[in-house]
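Structure first, then comments.
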Amino acid sequence: FLDSKTSEASVGYRLARGHGVPAAERDVFLDNVRTTAAIRAQLAEVERVARRLGRCIAIGHPYPETLEVLGPWLATAEARGLA
């Protein structure tokens, strides 16, 4: 179960774990602010979280702004040590 945590009141992750269901939850929301600058900042946060925790789950929408930034970021992710 993946809890996107789009609601601050989400209990999905806790309930899934409580019932023995493998679960994870989102660490970074990419495009809550729908500008390329804000999305770039969130992708920088993805990298910080991934380096700190060894992983990061990010979610976003297929907005034009998100796709514009995400494509080039993904193309260079491996060179920056991300998988």
Query raised in the report: Quick one: which of 14, 51, 34, 55 is open to solvent by 70 Å² or more (accessible area, probe 1.4 Å), among the basic types (Lys, Arg) and more than 15 Å from the chain's Cα centre (by Cα)?
Result: 14
Report summary line: If we ask which residues in the stretch 17-26 are open to solvent by less than 80 Å² (accessible area, probe 1.4 Å), under 19 Å from the mean Cα position of the chain (by Cα) and free of Cβ contacts under 8 Å to residues at least 24 places away in the same chain, their number turns out to be 1
Report summary line: With the first residue restricted to the stretch 48-77 and required to be more than 23 Å from residue 13 (Cβ to Cβ), and the second required to be open to solvent by 70 Å² or more (accessible area, probe 1.4 Å), Cβ contacts under 7 Å at 6 or more apart or on different chains are 63/34; 65/34; 69/40
Query raised in the report: Somewhere in the stretch 71-83, is a residue open to solvent by 60 Å² or more (accessible area, probe 1.4 Å) and polar (S, T, N, Q)?
Result: yes
Query raised in the report: Of the residues 29, 1, which single one is in contact (Cβ under 8 Å) with a residue 12 or more places away in the chain and open to solvent by 70 Å² or more (accessible area, probe 1.4 Å)?
Result: 1
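The values are calculated or read from the model by the stated rules, or taken from the named source; none is laboratory data. None of the values given here were measured: they were computed from a predicted structure. In this analysis, Cβ positions are derived from the backbone assuming ideal geometry, glycine residues included, and neighbour counts consider all displayed protein chains. Side chains are part of the model used for accessible areas, which takes the heavy atoms of the whole protein and leaves out ligands, DNA and RNA. Shrake-Rupley method; radii C 1.70, N 1.55, O 1.52, S 1.80 Å.
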